[in-house]
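The values are calculated or read from the model by the stated rules, or taken from the named source; none is laboratory data. Bear in mind that the values here come from a model prediction, so they are computed numbers and not experimental data. Backbone-built Cβ (ideal geometry, glycine too); neighbour counts: all protein chains shown. Heads up: the accessible areas ignore ligands, DNA and RNA and are worked out on the full protein's heavy atoms, side chains in. Shrake-Rupley method; radii C 1.70, N 1.55, O 1.52, S 1.80 Å.
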Amino acid sequence: MRIVLMGPPGAGKGTQARRLSESTGMKHLSTGDILRAEVAAGSELGLLAKGFMDRGDYVPDSHIIAMIQKYIDDPAGVLLDGFPRTVFQAESLDNSLNDAGLGIDKIIHFSVDTDELINRLSSRAICSKCQTPYNLISDAPLKEDVCDKCGGKVSVRDDDKPKAIKNRMNVYEEQTAPVLDYYRSRREVTEIVATGSPDSVFESLTQAIRSGELSN
Ligand code: B4P
């Protein structure tokens, strides 16, 4: 099974994908997490991606598409979090899946109003070593700035600073909102209002998947 989770920056795609992956065993494929790991490792892709990410811009399609190819047919099933983000990425995904005789089983769109998105992103922090995510308001590390899991430094991502957040919202409207139109014109997209607590959003998500109302 392949499920695409869509929504603006901070909508909770990563939060929900991690939970769903834990409860189902499906592979959580987060392009943001993969890119951050490349940046931390100082790889060629990481060095290229860092500038785009820190500004809140998208990393060029060709790099992203090459990066995810090897994961899309994982037999455990795949939760796509943060991909596709452009119409070109969506078309490439459709082509790759068609070639492999596979398809997308469910597309879920999380909606959250802009003020709430900005609040969430401004309070998000991450461990620079193991990438464990924190929220400085609702889920802060036990010791300030220190990761509970590995002792690494916890800090606010450069792309969660106000100027980059503003740019990310604009980039989302310009480049990712059209992906929703692309999918809506081809198959069913299920809407989840993701303004409640992480628990209540997870309940809506699992209910929607269980009910089969998302099947294409
Ligand atoms: P991502 O890492 O994908 O991140 P995101 O969209 O910012 O966040 P997400 O929606 O997952 O929110 P989260 O659960 O963390 O992208 C980062 C960058 O990578 C992009 O800007 C781009 O540069 C690059 N990139 C990634 N994919 C790419 C692609 N395909 N093409 C090109 N470039 C790409 O939640 C946010 C915060 O809200 C957290 O603090 C969380 O604790 C909190 N939260 C979550 N749910 C909540 C709830 N229900 N209530 C209250 N708080 C909640």
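Output yes when any residue across region 99-106 is assigned to a helix (DSSP H, G or I) and either among the acidic types (Asp, Glu) or over 30 Å from Gly151 (Cα atoms) (or both), and no when none is. Within region 99-106 (the criterion being assigned to a helix (DSSP H, G or I) and either among the acidic types (Asp, Glu) or over 30 Å from Gly151 (Cα atoms) (or both)), the answer is yes, since at least one residue qualifies. Out of Lys166, Lys143, Lys149, Lys161, one residue alone is within 15 Å of the ligand (Cβ to nearest atom) and free of Cβ contacts under 8 Å to residues at least 24 places away in the same chain. It is Lys161. Every condition in (1) surrounded by 19 or more Cβ atoms within 10 Å (Cβ to Cβ); (2) near the ligand (Cβ under 9 Å from one of its atoms); (3) not aliphatic (A, V, I, L, M) holds for Cys127 except the one numbered (2). Residue count for region 175-198, restricted to those that are open to solvent by 30 Å² or more (accessible area, probe 1.4 Å) and either under 22 Å from Ser122 (Cβ atoms) or in contact with a Cys (Cβ under 7 Å, 6 or more places away or on another chain) (or both): 5. If only residues of region 69-90 that are part of a helix (DSSP H, G or I) and in contact with a helix residue (DSSP H, G or I) (Cβ under 8 Å, 6 or more places away or on another chain) are counted, the one that is surrounded by the most Cβ atoms within 10 Å (Cβ to Cβ) is Ala90.
All of Thr86, Thr24 fail the test of being out of contact with any His (no Cβ under 7 Å at 6 or more places or on another chain), among the polar types (S, T, N, Q) and within 20 Å of Tyr172 (Cα to Cα), apart from Thr86. Based on this model, can you work out whether Asp33 counts as at pLDDT below 95, surrounded by 14 or more Cβ atoms within 10 Å (Cβ to Cβ) and within 8 Å of the ligand (Cβ to nearest atom)? Considered against the rule, which asks whether it is at pLDDT below 95, surrounded by 14 or more Cβ atoms within 10 Å (Cβ to Cβ) and within 8 Å of the ligand (Cβ to nearest atom), Asp33 comes out as yes.
Reported count of residues in region 1-15, each being more than 7 Å from the ligand (Cβ to nearest atom) and closer than 17 Å to Glu203 by Cβ, is 2. Has region 42-65 got at least one residue that is over 24 Å from Asp158 (Cβ atoms) and either part of a helix (DSSP H, G or I) or among the small types (Gly, Ala, Ser) (or both)? Taking every residue of region 42-65 in turn, at least one turns out to be over 24 Å from Asp158 (Cβ atoms) and either part of a helix (DSSP H, G or I) or among the small types (Gly, Ala, Ser) (or both). Of all residues in region 36-58 being within 8 Å of the ligand (Cβ to nearest atom) and open to solvent by less than 20 Å² (accessible area, probe 1.4 Å), which is modelled with the lowest pLDDT? Only one residue fits best here, namely Gly56.
Return yes or no: is Ser23 of a type outside the set (D, E, K, R), more than 12 Å from the ligand (Cβ to nearest atom) and assigned to a helix (DSSP H, G or I)? Taking the combined requirement at face value, the residue satisfies it. Among the residues examined, Ile137 does not qualify as more than 23 Å from Ala40 (Cβ to Cβ), touching a Lys or Arg at 6+ places or on another chain (Cβ under 8 Å) and either in a loop (DSSP other than H, G, I, E, B) or open to solvent by less than 60 Å² (accessible area, probe 1.4 Å) (or both).
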